[in-house]
Amino acid sequence: MNVKTDTKEKFHAITVSDPILSATMTDGIGECLLPYLQNDVKNLVLILKNVTSIDTVAAEKLVYIQQKFYENSASFVICELQNQVEDFLDKNELLEMMNVTPTESEAWDIVQMEEIERDLMDGENF
């Protein structure tokens, strides 16, 4: 999987360059994204503006990866979906399982809100 990484203060923005996310790429998707959970900055924004086609297995892998991030108190937000990809995910009832925003800016807002929520939850445990 070809990606471009841009590291910000609170998250990594990963732009997928490949136009197709297919079942044969699912191992690569995990190998590319899951290691970010080992970093100091764990939050990830996945930008899919270049992806014009995704299959069910690859989409399910993204749902699995998102769950792993949230289990590790990290945010995982997908943004800039092409209409045909969003429609495919919606038809296969996967869109509602994903944390999706129209723009990277909105994804950043979600990451910030979730960071605040985690800080508040941690504060309640003291």
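The values are calculated or read from the model by the stated rules, or taken from the named source; none is laboratory data. Everything quoted here is computed from the prediction, not taken from an experiment. All Cβ positions, even for glycine, are placed from backbone atoms using ideal geometry, and neighbour counts span all protein chains on display.
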With respect to the numbered conditions (1) at pLDDT below 95; (2) in contact with a Phe, Trp or Tyr (Cβ under 8 Å, 6 or more places away or on another chain); (3) assigned to a helix (DSSP H, G or I), which one is the sole condition not fulfilled by residue 111? (1)
Pairs where the first residue, in segment 5-24, is in contact (Cβ under 8 Å) with a residue 12 or more places away in the chain and the second is of a type in the set (Lys, Arg) and surrounded by 14 or more Cβ atoms within 10 Å (Cβ to Cβ), C-beta under 8 Å, 6+ apart: 15/49
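For residue 105, are the conditions met, namely being surrounded by 14 or more Cβ atoms within 10 Å (Cβ to Cβ) and polar (S, T, N, Q)?
Details: surrounded by 14 or more Cβ atoms within 10 Å (Cβ to Cβ): no; polar (S, T, N, Q): yes.
No, not satisfied.
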Restricted to segment 75-102 and to residues being assigned to a helix (DSSP H, G or I) and acidic (Asp, Glu), the residue surrounded by the fewest Cβ atoms within 10 Å (Cβ to Cβ) is 96
Taking segment 22-53 and keeping only residues that are closer than 20 Å to residue 103 by Cα and not charged (D, E, K, R), one is left with 33, 43, 44, 45, 46, 47, 48, 50, 51, 52, 53
